[in-house]
1. Once the piece of chain linking ALA156 and VAL68 is laid out straight, how much longer is it, given 0.36 nm per residue of separation minus the C-alpha distance between them?
2. Let me know the charge dipole size of the range 3-154 about its Cα centre in debye, to the nearest 20, where only the beta-carbon of Lys, Arg (+1) and Asp, Glu (-1) is charged.
3. Can you return the lysines within cross-link range of LYS35? Criterion is Cα-Cα under 21 Å, with same-chain partners fewer than 8 residues away left out.
4. Test of understanding: what is the full-extension gain from HIS110 to LEU45, defined as 0.36 nm times their sequence separation minus their Cα-Cα distance?
5. Out of the total accessible area of the chain (probe 1.4 Å, heavy atoms of protein only), what percent is carbon and sulfur?
6. Largest first and to the nearest Å, give the Cα extent of the chain along each principal axis.
7. Just to confirm a number: summing +1 for Lys and Arg and -1 for Asp and Glu over residues other than LEU56 whose beta-carbon lies under 15 angstrom from that of LEU56, what do you get?
8. Suppose a student asked you for the relative contact order of the range 33-118, using Cα pairs under 8 Å spaced at least 6 residues apart; what percent would you report?
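The values are calculated or read from the model by the stated rules, or taken from the named source; none is laboratory data. Quantities reported herein were computed from a predicted structural model and do not represent experimental measurements. Because the Cβ atoms are built from the backbone with ideal geometry, glycine has one as well, and the counts that use them run over all protein chains shown. To get the accessible areas, we keep the full protein, side chains included, count just its heavy atoms, and leave off ligands, DNA and RNA. Shrake-Rupley method; radii C 1.70, N 1.55, O 1.52, S 1.80 Å.
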Amino acid sequence: MRSLIVYYSRTGTTRKLALSLADELGADLREIGCKRYRLGILRYLRAGYDSVRGNLPPIEIQFDLEPVYDLVLIGTPIWTSHPALPVRTFLTKHSVPEGPVGLFLTHGGHSPPHEAIREMEILLARPADATLVMNENDMSDSRVSGCVKAFVKKLAVEPVV
Ligand SMILES: Cc1cc2nc3c(=O)[nH]c(=O)nc-3n(C[C@H](O)[C@H](O)[C@H](O)COP(=O)(O)O)c2cc1C
């Protein structure tokens, strides 16, 4: 079972989840880079503005289009109730290989995740096989580890031993 995790993280929260999932699954990791929203208050404001308007930014990612993976996981923070823009760019520009797909999202606790999940499923052109949503304020190591294990179980894949 070869698994791939593609994710974006501006401040490290979604990265923490991605790393824990990669550890559990022995998955390959690809982080989406996006210079437009690097740290700083002005870039934060720009991210919010662009997110509402749907202005997709350029991204950097090394992504094999070859369908060599049995499972693909896509991770994103929620921005203005949407998936973060770099992930929207990724899903708009790349087709994710057929097969099971899981979504993991982090948020600040001030919007329900359903719209962002639905938007990702529309961009993927298929429903997710499992989703994991975590509030950034409730992401202790033990909670992340428990949620990751439950998510992997839902995906019906074997963890790495
Ligand atoms: C531009 C922007 C918009 C955001 N919009 C929301 C939102 O609509 N709802 C929410 O709960 N959190 C929102 N957040 C908070 C992030 O989802 C949260 O901090 C997330 O865990 C950050 O993940 P990261 O550290 O991987 O970038 C927003 C953050 C940013 C930067």
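1. Working: separation 88, 0.36 × 88 = 31.68 nm, distance 1.86 nm.
Full extension of this stretch gives 29.8 nm more.
2. Values: 18 positive and 17 negative charges, 126 e Å.
Its charge dipole is roughly 600 debye.
3. Excluding near neighbours in sequence, the set is LYS16, LYS93.
4. 21.7 nm
5. Result for the chain: 51 percent of the exposed heavy-atom area is carbon or sulfur.
6. 44, 35, 24
7. Details: positive: LYS35, ARG36, ARG46, ARG53, ARG88, LYS93; negative: ASP50, GLU60, GLU119.
Net charge around LEU56: +3.
8. Across the range 33-118, relative contact order equals 31 percent.
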